[in-house]
Structure formats: structure tokens, C-alpha cells
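J.: This is the structure, below, for whatever I ask next.
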Amino acid sequence: MIIEIGYFAVIIALMVSIAGILTPLIGLKTGNPAWIRAGRQAVTANFILLSLGCGTLIYSFLSHDFSVKYVAMNSNSRLPVFYTVSALWGGHEGSLLFWAWILAAFAALAAWLHWKTHPATMPYLLIIESSLTAGFLALIVFLSSPFERVFPVPAEGMDLNPLLQDPGMVFHPPFLYLGYVGFSIPFSFALAALLSGRLGEEWIRATHRWTLFSWIMLTFGILMGGYWAYYELGWGGYWAWDPVENASFMPWLVGTAFLHSVMVQEKRKMFKVWNLFLIIVTFSLSLLGTFLVRSGILSSVHAFANDPGRGVYILIFMSTVLILSFGILIIRSNRLKGKIEMDSIVSRESAFLFNNLFFLIATATVFLGTLYPLLVDTLYGTKLTVGAPYYNKVFLPIVLVILILMGIAPMIAWRKASKENIRKNFLIPAVIAMAGAVISAILGIRQIYPLAAAAIVCFVAATIVIDLYKNSSYWADHSGTNLLKGLYKAWYHNQRRYGGLVTHVGVLVMILGIIGSSAYKLEKTIILKPGDEFTLGHYSYKFQGLQDVQGINWQGVESLFNVYEGNYFVAEMRPQKRFYTGGSQMPTTEAAIQPRHMGDLYLSMTDITQDGWITVMAFQNPLIHWIWYGGGIMGLGVVLILFKRKRRES
Amino acid sequence: MKGWHVATIVVILGIIGLFYAGLGRDPRSIPSVLVGKEAPVFSGPDVQSGEILALDAYKGKVIVLNFWASWCQECRLEHQNLLAIHRQFRNYPDFVMLGIDYQDQPGDAIVFLNSFGSTYPHVRDIKGTIAIDYGVYGVPETFVIDSHGMIRFKYVGPIVGPVYTQITDQIIRPLLEGKELQR
């Protein structure tokens, strides 16, 4: 009964969202604000209705109502409560509902937040948000409803996919969705600006925080996915250039370009069409990601439901959004004439332009790599996969260029940088970069990319430190305090800049982590019997034996390893193989991870024979923690910008 | 129309076209080098009775081979469809269907077959050697062998959705009726 209430709520939400498209449209035609207000009520009502829809589904999960097909397919009575709730987004149908719910929440929030401040934008925003909601709800209601009943009622559910029974997986999808869906707000504002002809900087200022929020959520979502893959899949890595990983990475790349290029429009009123183009591409790529994941068009570790009917629907929906939004951009962009020419190639504007170009080239690289197998299959019927070697070859140089620009752009002067400006800002960092390269070489780094990256990281770090020092001492002198207080003042007077620089520091830390854990990774696969020993790097691992272990809803076997560095005992490690006792007895691998000097010792047991021999993959991933720390610092930087205090002029 | 207008339109239409063309395909139907080759022979104990079954015994028949395991979620998904395939063709004297139980505990496999139903024999492949001979990536995988002992079709993943009609109407039936397969 309860679930039917939810289903009914979602059906009504679909109708309400159609009303939400029509009423602001009538409001625009008639000029009667009451119709537009009705549009706001519609998005608000939608949020409540979809909350009800999600709520009933969660209730059905918690009460183990296996007469609901989705509940029976994605949970069972032994599933821990935590995963029972998160099973809401554990499958295709529930994920879509959850997506629609976040969309409705953001639409309502945006309508209420910007109602007074952006009245002219509002009708368009409401129409666009309601259209997107309607598109997703139609898919849910007609093609993939999580509210379907199943008869006869199974006595027990099939269980949530054991790989998803993991804290990392609980938060990975919501964060991604928050990012994807969050970009719909700047997207709507951009289209509203085009349609209403208010093409100034207003839409960019209004969506500044939405963009940052969505961007950092997407960043976290991607990182969590990587972290989950790292300790749950047992192959010792965190990123595999899998099509679905790429699908989340592409909107991130273009979103990052957008995040930067809006600054140029704010400061210099340039790049107007460009910014509109970027945000439309960002959101389109978010939809494309959903399409790739949900249609099963590409072969991926994330191969979810493979249903051509849904695929066709999502394709039609995505095509409509693409054609309409780019169509509007093309038709309306003639009104925008770039009034200001670039003064000089050596300027901050052009550094930003190059930043944008390289981000787009990076996106194109990933895009081609992701779709190339599909293209070849369609044209020639040949199957192939594009793997890490392609990306490493093409993507790495682009990243290095972007990193150099990350050092230059925040420091170089607007309009035209004088020789003096360049010398003052970049001479010392350039020297430090050289020194960094030499020291790295002495320390034993010989590969070209890590060496170049180390030099560039030194360069960028130096620009940031010097900038912070100069500004802190300026403010310290200015107000007669010490450097630390000067730093606070500098930050206080330009929170956005310093928040941005902190985020850059996060990127640097992450890059070091990526270099360390990829270029200096050690790995070994071996077969052992109890009592055997092997060494990897400075560490020796002694296999003590196997023992049985048990969890709430799984049984397993773990192998005991004693790890030594020389004669010094480091730790005991216990990689596991688990068999979930629920519907699926799919074996999962639980890697044993021992943090050591900012890196990890990593053991993953892939096979056990009946005579007690085991196959173990051992990895040593230096500096890998820096990737996660880097993500944290990036988040901190964004928080510093988002929670900008209103400055009181004294 | 400016240059970037044309470029944008071409790229978007290209992407949509590519996706449309790609939707009809299944990224998981991996062409196997084994297709067109002679099926590797094997023998092994029957999961339920324990007596030895050998592929040789079915010479001259059209054989559907399905690799599965009790721990495999997708195998549950396709199981009813496999039984339906067997129902559909069991009256043809030249039709044989064999399950290959891949790296499984015998007890679990029997429980699986008892609870989901079983109308055709299953061979145990405890060490995975049959799977190695057939180049199996993971379960479920399904092969169709013709009356000359040649592998004519391979599918990776569960037999659900369109592939069901593909395998019954375009592969098994023509082979049983002695017609040529359309390629």
C-alpha cells in the first residue's frame, strides 16, 4: 500500500512538472506574475512529492517488503540498515528516482533563493528545470519504475550487489549526482540569459556558488569512486580510464574550464559566448554520462541494466536537450559581440584562454578514447578497447601544460603583462623549478614525465608561496601587525583568490600523489603456501596461514601476513575473500591496506586452492595518500570561497 | 552561420547519430576466435548424478553449452530463459543442451538447480579446465555447436532481452533445420 502512495506521488509529480513548464510560459505571454508564481509552487510541490516517492521506497526497504520488485532485487533481510537505505540508489530505477529528487530539490532551492534577486530570469529557469524534471520523471514512470510489484512475492530478497556494500560506494553516487544535477542550475541560468536577452554578467554572478558547489561535489564523487575501486576491487589502482569513469571526468574537465573562464567575463567582460558554450557543454556531458551509464552502450565494469528501450528514451531526451540548448546558443549568440579585443598574448586573459583550450583538448582526448570503440564497432564491426597507454600518452602532456598555466594565470597581469611583471613573478619560481628538477634527478627520479611534473609542481608552489608572502607582508606593514595576521588580512580582503590558491595547492598535492603512486608503484603476483615468504621493495611478507572470518551477512577466508622491514615488524595484514550469504554468493576481494609513509602496502588475495595455496597480488603505492589529502585541500579551498563573509566597509 | 556554428552542429549530430547506431549493438557480444573452430572436447561428472558425461557422446547434434555458477547473479537472471530454450527445442531429436558448472561447490550447485529448476544435464568443471579450453571470460557464457562439431555462436553475459530471440530464431532453429546462418 505504502509503495503505491509513492508511485502515485511520482505520477502526480510528472503532471505537476508539466504544469511547471506551462504556467511560467503563460506568465511570460500574459505578463501576469501569478502564473510565474504558480511555476514556483510547481517546483516546490515536486520536491515534496518526490521526497514522498523516495521516502516510501526507503520505507519499503527498511520494512523488507519484497513484494516490491526493486526492493527484492536490491536488498535482503540480512543487509545492514545503512546499506538498506543506500540501496535506494543501488540499482538503475532507484538511481533515476534519486537523480530526479536532487533535481527537484535544487530547482526548488534555486527558485526560492533567486526569486527576489533575479525576477526576469525566473520564468525561464522554472521552465527549464521543470522540463528536465519532467524528462526524468517520464522515464521513471513509463520505462523504469522502482515501484513495481512482483508476484509471487519472494520470501527473501536477492541482496544488494556485494561490491556496493561498502561505505565508499554509499557516498560515491550521491556526490556525483549532486555534481551532475548541480550544474543544471548554471545551465538553466545560462539558457535563461540567452532567452531573456539579459546577457550581461548577472547570470554568472548568480550562479557562482552553484558552479563551485557542483564542481566540488563532482570532484569528491570522482575521488570517492577512485577510493572505492582502490580498496574494494583489489587490483591495486584507483583509476582505469573505464568509459563510465571517463563519463564523470568529462563534465568535470569542462566544468573546471568554465569555473575559470567566468572570471575573465567578470573582470574583463570577455568570453561571453564562450562561457555560455562551456556551461552548456558541461551539463550536456553530465547527461551524456547518464546516458552512457544507463544505456549499456559501452562495455564497462559499471555495466548496469542493459535495456535498449531505456537507451532510446534517454538518447531522445539527451538529443532534445542538446539540440535545443545549442540551437538557442547559436541563434542568440549573434547578439553578443565581443567588444573587447585581447590586448596582448602575454596577459592573464590569454593565460585563461589557454587554460580553457587545454581543458577542452583534454576533454576531447577522453571523449575520443571513450567513444572510439563504439565508432569502430559501428563502422567496421571490430571490437577493441582503448586503455591506459593511449591516455597516458596523450593526456599527460596536456595535464603538464595545464599545470604550468595554473602557476602563471593567477600571477600574471591583466591586459598586458610587462617584462617587469613577468620577471618579478616568475623568475624565482623558474629557478626553484630548475632546482626542483635537479634535486629530483639526484634523488633518483629519471623518467621524463615525473621529472617534468616535479619541476612544474615546484614552479607553481613557488608562485603561490611568494604571492602569499608578498601579500601577507604588505598587509602586515599596512596595519602594523605580524605576518600571520597579515596573511589573515590578505585572505580576508580577497577570499576568492586565496580560496582558489588553496584549491591549487590541493591539486599540486594530488598530482604528487598521482606521480608517486603510478610511476613508482611496485607490484608482484605470486602463489604461496603457508610459511612462504616474499619481498617487495624494502618489505618482506611472511604468509602465516588461512583462517575463517565472518561478518553480519558474509563469510570469508582471510590470510595472515606478517610484514617486516628488515628485522623490524611493521604490521599484520589480512587480505580477505568474502562470500556474501545473501542472494548472490559472488565472491568479493577485500584488500588489506597498510598505510606506511604516506603510501600504502597493499595485499589482495585473488585465489585460494583446496590445498591451502593462495594467489596474492602485492602492491606498494608510494604517496597515494596525497591524492586523498589533495582532494581534501581542494575541498577546503572551495569552502573558503563558498562561505565568504559579507565584508563590512568600515 | 559562423564556422563554430557549423562545427557545433556537425559534432552534435555526429554524436547523436553514433549513439543511435550504437544502441542496437551489444558491446558484450565479443567475437570469439573459437567461432568457426571445432569445439574442444571435454568430459566431467554430472552435477546431480555424478556419472561421467562427455561431449563426444553427442556427435552429430546441435549443442547449446551454457557456463554458469551458483554464485553468479546474472546466471539466476537467465536461468528461466535457458529452461525456456530447452522447452522450445527439446522435441527436436538433434537438440542437446548442456550446462557447465564453473568453479562451484557441488552442494551449492545442487541447491541452485533444485530451487531454480533443471531439465538438462550439467557437467562439473571444478578446476575450470573446460572454461579455459573454451576461452571463457566469466560466467555466464553460452556457446552453440553445430552438428559438425563446430562452434557457431558465442555470447558473453546473460541470455535476456533481444539476445534470447537472436539465439533461438537466428542460431539454434536454422542449425536444427539445416539452414545456413545469416551473418
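J.: I need the strands (runs of 3 or more DSSP E) fully contained in the range B:82-183, keeping only those with at least 3 residues that are β-branched (V, I, T).
T.: Details: elements: B:95-102, B:122-125, B:141-145, B:151-156.
Passing ranges, in order: B:141-145.
To keep it simple, each residue is scored yes or no on (1) modelled with pLDDT of 90 or more; (2) facing chain B (nearest Cβ under 9 Å).
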site: A:Y313; (1), (2): no, no
site: A:I316; (1), (2): yes, no
site: A:S319; (1), (2): yes, yes
site: A:F326; (1), (2): yes, yes
site: A:L329; (1), (2): yes, yes
site: A:R332; (1), (2): no, no
site: A:K339; (1), (2): no, no
site: A:S344; (1), (2): no, no
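J.: Residue by residue through the range A:67-82, note down the ones that are buried (at least 22 other Cβ atoms within 10 Å of the Cβ) and out of contact with any strand residue (DSSP E or B) (no Cβ under 9 Å at 6 or more places or on another chain).
T.: A:Y70, A:V71, A:A72, A:M73, A:N74, A:S75, A:N76, A:L79 - these are the residues of the range A:67-82 that are buried (at least 22 other Cβ atoms within 10 Å of the Cβ) and out of contact with any strand residue (DSSP E or B) (no Cβ under 9 Å at 6 or more places or on another chain).
J.: Then there is this: From B:A109, B:A21, B:A84, which residue is at pLDDT below 90 and either among the charged types (D, E, K, R) or touching a helix residue (DSSP H, G or I) at 6+ places or on another chain (Cβ under 9 Å) (or both)?
T.: Unique residue meeting the criteria: B:A21.
J.: Criterion first (in contact with a Leu (Cβ under 8 Å, 6 or more places away or on another chain), assigned to a helix (DSSP H, G or I) and surrounded by 18 or more Cβ atoms within 10 Å (Cβ to Cβ)) does A:F61 satisfy it? Working first, answer last.
T.: Numbers: in contact with a Leu (Cβ under 8 Å, 6 or more places away or on another chain): yes; assigned to a helix (DSSP H, G or I): yes; surrounded by 18 or more Cβ atoms within 10 Å (Cβ to Cβ): yes.
Criteria met by A:F61.
J.: Is it the case that some residue within the range A:29-44 is among the aromatic types (F, W, Y) and under 30 Å from the mean Cα position of the chain (by Cα)?
T.: The first filter runs over the range A:29-44 and keeps only residues among the aromatic types (F, W, Y), leaving A:35.
After this cut, where a residue has to be under 30 Å from the mean Cα position of the chain (by Cα) as well, the list is none.
Looking for residues that are among the aromatic types (F, W, Y) and under 30 Å from the mean Cα position of the chain (by Cα), one finds none in the range A:29-44, hence no.
J.: Turning to a different aspect of this structure: Show the residue pairs meeting these rules: Cβ distance below 9 Å; 6+ apart or different chains; first residue within the range B:103-114 and touching a residue at least 12 places away in the same chain (Cβ under 8 Å); second residue surrounded by 15 or more Cβ atoms within 10 Å (Cβ to Cβ) and part of a helix (DSSP H, G or I).
T.: Partner pairs satisfying both residue conditions: B:Q103/B:A131; B:D104/B:F112; B:F112/B:C75; B:F112/B:R76; B:F112/B:H79.
J.: Just to verify a result, which residue in the range B:66-114, among those that are hydroxyl-bearing (S, T, Y) and either closer than 18 Å to B:I151 by Cβ or within 13 Å of chain A (Cβ to nearest Cβ) (or both), is surrounded by the most Cβ atoms within 10 Å (Cβ to Cβ)? Write out each step before concluding.
T.: Here is the first cut: in the range B:66-114, the residues hydroxyl-bearing (S, T, Y) are B:70, B:92, B:102.
Those left that are additionally either closer than 18 Å to B:I151 by Cβ or within 13 Å of chain A (Cβ to nearest Cβ) (or both): B:70, B:102.
Details: B:S70: 24, B:Y102: 27.
Among those residues, the one meeting the criterion is B:Y102.
Rundown of residues vs (1) assigned to a helix (DSSP H, G or I); (2) over 30 Å from A:L427 (Cβ atoms); (3) within 14 Å of chain B (Cβ to nearest Cβ), yes/no style:
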site: A:P373; (1), (2), (3): yes, yes, yes
site: A:T382; (1), (2), (3): no, yes, yes
site: A:Y390; (1), (2), (3): yes, yes, no
site: A:L403; (1), (2), (3): yes, no, no
site: A:M406; (1), (2), (3): yes, no, no
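J.: Only one of (1) under 29 Å from A:L374 (Cα atoms); (2) part of a helix (DSSP H, G or I); (3) modelled with pLDDT under 90 is not met by A:S248, so which one is it?
T.: (3)
J.: Of the residues in the range A:1-46, how many are more than 16 Å from A:L97 (Cα to Cα) and assigned to a helix (DSSP H, G or I)? Let's see the steps before the verdict.
T.: The first filter runs over the range A:1-46 and keeps only residues more than 16 Å from A:L97 (Cα to Cα), leaving A:1-2, A:18-42, A:44.
Those left that are additionally assigned to a helix (DSSP H, G or I): A:2, A:18-30, A:33-42, A:44.
Going through the range A:1-46 one residue at a time, the tally reaches 25.
J.: Also: Any chance the range B:48-64 includes a residue that's modelled with pLDDT under 90 and within 14 Å of another protein chain (Cβ to nearest Cβ)?
T.: No, the range B:48-64 has no match at all.
J.: Can you go through A:W274, A:W241 and tell me which one is of a type in the set (F, W, Y) and closer than 29 Å to A:A111 by Cα?
T.: Details: A:W241 fails: closer than 29 Å to A:A111 by Cα.
Being of a type in the set (F, W, Y) and closer than 29 Å to A:A111 by Cα holds for just one of A:W274, A:W241, which is A:W274.
J.: Which residues, counting only those in the range A:265-276, are buried (at least 24 other Cβ atoms within 10 Å of the Cβ) and closer than 16 Å to A:L212 by Cβ?
T.: Matches in the range A:265-276: A:N275 only.
J.: Test A:T535 against the criterion of being without any contact (Cβ under 8 Å) to a residue 12 or more places away in the chain, assigned to a strand (DSSP E or B) and of a type in the set (S, T, N, Q), and give yes or no. Reasoning before the result, please.
T.: On the way: without any contact (Cβ under 8 Å) to a residue 12 or more places away in the chain: yes; assigned to a strand (DSSP E or B): yes; of a type in the set (S, T, N, Q): yes.
Taking the combined requirement at face value, the residue satisfies it.
J.: Right, next: Counting only residues that are more than 19 Å from B:R90 (Cα to Cα), in contact with a strand residue (DSSP E or B) (Cβ under 8 Å, 6 or more places away or on another chain) and either within 13 Å of chain A (Cβ to nearest Cβ) or surrounded by fewer than 18 Cβ atoms within 10 Å (Cβ to Cβ) (or both), how many does the range B:150-183 have?
T.: So the count comes out to 7.
J.: Being within 14 Å of chain B (Cβ to nearest Cβ), touching a Leu at 6+ places or on another chain (Cβ under 9 Å) and farther than 18 Å from A:Y83 by Cβ narrows it down to one residue among A:V563, A:V557, A:V570; which is it?
T.: Numbers: A:V563 fails: within 14 Å of chain B (Cβ to nearest Cβ); A:V570 fails: within 14 Å of chain B (Cβ to nearest Cβ).
Result: A:V557 is the single residue among A:V563, A:V557, A:V570 that is within 14 Å of chain B (Cβ to nearest Cβ), touching a Leu at 6+ places or on another chain (Cβ under 9 Å) and farther than 18 Å from A:Y83 by Cβ.
The values are calculated or read from the model by the stated rules, or taken from the named source; none is laboratory data. Everything numeric here is computed off the predicted structure, so don't read it as measured data. Ideal geometry is used to build each Cβ from the backbone, glycine not excepted, and the neighbour counts take in all protein chains shown.
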